[in-house]
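Q: Okay, here's the structure, questions in a sec.
The values are calculated or read from the model by the stated rules, or taken from the named source; none is laboratory data. Owing to the predicted nature of the structure, the values given are computational and were not obtained by experimental measurement. Neighbour counts are summed over all protein chains in view; Cβ atoms, including those assigned to glycine, are modelled from backbone coordinates with ideal geometry. With ligands, DNA and RNA removed, areas are computed over all heavy atoms of the protein, side chains included. Shrake-Rupley method; radii C 1.70, N 1.55, O 1.52, S 1.80 Å.
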Amino acid sequence: MKFQLAGKRVFVAGHRGMVGSAIVRRLASEECELLTASRAELDLLDQAAVHDWFAQNRPDAVFLAAAKVGGIKANSEAPADFLHDNLSIQTNVIEAAHRHDTGKLLFLGSSCIYPKLATQPIAEDALLTGPLEPTNEWYAIAKIAGIKICQAYRRQYARDFISAMPTNLYGPGDNYDLDTSHVLPALIAKAHHARQAGESDLAIWGSGTPLREFLHADDLADALVFLMKNYSEEEHVNVGSGDEITIAGLARMIMGIAGLDGELRCDPARPDGTPRKLLDISRMTQLGWSRTIPLSEGVAAVYRDYASRVSGSAHG
């Protein structure tokens, strides 16, 4: 049975993040009442506050996109924060959705939940079949728990709580802080700063050989709305593009977009992370959804957005 969003009160938890803001943009065409709460209005780490908010606002549907996120460096330096904060956020929101009779909830995971050396492309049933990538295992364990929490509420209380696992994401509103960002926004920031400084080379972490799959946040938002309407099963669903590129290939693409014609310099002393991470998206394809934004087109648009924002703030 399809879940209708029209006329519903829909809460987007984490609406100011890259994914949350993309969901908000996508929901504009769904004729639903959008509910959001800033961190100042609602601390998702505060269980009592979350329950009070749900009691007052009574959402019919929840997109749980709020999370503490970061790249290899951030995960390595703050493992307790990544584990505790993500466990707290998702447990508080999912329990409140149950207690206050929310009709449907979609939990957003991450492809880092899968074993480091999982068979490629990675199918949903690879979950918990091997050791995790050590550089982000704390975040991954929290996200695995989130999937299991949704499954547990389905089994015990017949709640329509589902989970989606996106691949590596990028888009407007990404995090460009070099200490905490993921690889694609970090490369965009590095390339733009190099161009502004009159440099032509670009340095990257690791060997440049790891393969990665990327999906635009607006494509993900469309997929999540699709799943909210059309999917109601216990097993999580992978959401990706089906394409992959080496880190070096991505860096060269960004150099071309930024107008850098120098050398790409790899630093093999830095960690590579997982050697390959491509999701098996056959389940999502069979459900009837596929992405629409090609990587080169999406990255070029995001670069222009970032460059305009940096230029604007510099002159503000």
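Q: Determine which member of the set A6, A67 is open to solvent by 30 Å² or more (accessible area, probe 1.4 Å), part of a loop (DSSP other than H, G, I, E, B) and closer than 30 Å to L178 by Cα.
A: Going through A6, A67 in turn, the sole match is A67.
Q: Tell me which residues, restricted to the range 266-300, are of a type in the set (K, R) and at pLDDT 95 or above.
A: Within the range 266-300, R283, R291 meet the criteria.
Q: Hey, does the range 81-98 have a residue that's surrounded by fewer than 18 Cβ atoms within 10 Å (Cβ to Cβ) and within 24 Å of P271 (Cα to Cα)?
A: yes
Q: Scan the range 47-78 residue by residue and report those that are modelled with pLDDT of 95 or more and more than 23 Å from L227 (Cα to Cα).
A: Correct list: Q47, A48, A49, V50, H51, D52, W53, A55, Q56, N57.
Q: In addition: Suppose we filter the range 156-201 for residues that are basic (K, R) and touching a Phe, Trp or Tyr at 6+ places or on another chain (Cβ under 6 Å); how many remain?
A: 1
Q: Now, a different point. Out of all the residues in the range 186-193, is one or more among the basic types (K, R), buried (at least 20 other Cβ atoms within 10 Å of the Cβ) and either within 28 Å of A251 (Cβ to Cβ) or in contact (Cβ under 8 Å) with a residue 24 or more places away in the chain (or both)?
A: Yes.
Results for (1) of a type in the set (A, V, I, L, M); (2) on the phi < 0 side of the Ramachandran plot, shown as yes or no for each residue.
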residue	(1), (2)
G7	no, no
H15	no, yes
L34	yes, yes
A40	yes, yes
L44	yes, yes
A49	yes, yes
K68	no, yes
D101	no, no
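Q: On the basis of being in contact (Cβ under 8 Å) with a residue 60 or more places away in the chain and surrounded by 16 or more Cβ atoms within 10 Å (Cβ to Cβ), does D219 make the cut?
A: So D219 passes the test.
Q: Same structure again: Starting from residues that are in a helix (DSSP H, G or I) and of a type in the set (D, E, K, R), keep the ones in the range 139-163 and report whichever is farthest from the chain's Cα centre (by Cα).
A: R155
Q: Further, regarding this structure: I'd like the residue in the range 17-55 that is touching a residue at least 40 places away in the same chain (Cβ under 8 Å) and among the charged types (D, E, K, R) and, out of all such residues, is least open to solvent (accessible area, probe 1.4 Å).
A: Ranking the qualifying residues of the range 17-55, first place goes to E30.
Q: Can you tell me which residues in the range 139-166 are open to solvent by 10 Å² or more (accessible area, probe 1.4 Å) and either of a type in the set (S, T, N, Q) or without any contact (Cβ under 8 Å) to a residue 12 or more places away in the chain (or both)?
A: K148, Q151, A152, Q156, A158
Q: Scanning the range 122-138 for residues that are assigned to a helix (DSSP H, G or I) and of a type outside the set (G, A, S), which turns out surrounded by the most Cβ atoms within 10 Å (Cβ to Cβ)?
A: In this case the residue turns out to be N136.
Q: C112 is checked against (1) more than 23 Å from F214 (Cα to Cα); (2) not in a strand (DSSP E or B) and fails just one. What number does that condition carry?
A: Among (1) more than 23 Å from F214 (Cα to Cα); (2) not in a strand (DSSP E or B), the lone unmet condition for C112 is (1).
Q: In this structure, does P172 turn out to be within 15 Å of the chain's Cα centre (by Cα) and in contact (Cβ under 8 Å) with a residue 40 or more places away in the chain?
A: In short, yes.
Q: Still on this model: I254 passes all but one of (1) more than 19 Å from L184 (Cα to Cα); (2) crowded, with 20+ Cβ neighbours inside 10 Å; (3) among the β-branched types (V, I, T); which number fails?
A: Answer for I254: the failing condition is (1).
Q: Answer yes or no as to whether T119 is farther than 23 Å from A217 by Cα, open to solvent by less than 10 Å² (accessible area, probe 1.4 Å) and either part of a loop (DSSP other than H, G, I, E, B) or free of Cβ contacts under 8 Å to residues at least 24 places away in the same chain (or both).
A: For T119, the condition - farther than 23 Å from A217 by Cα, open to solvent by less than 10 Å² (accessible area, probe 1.4 Å) and either part of a loop (DSSP other than H, G, I, E, B) or free of Cβ contacts under 8 Å to residues at least 24 places away in the same chain (or both) - is not met.
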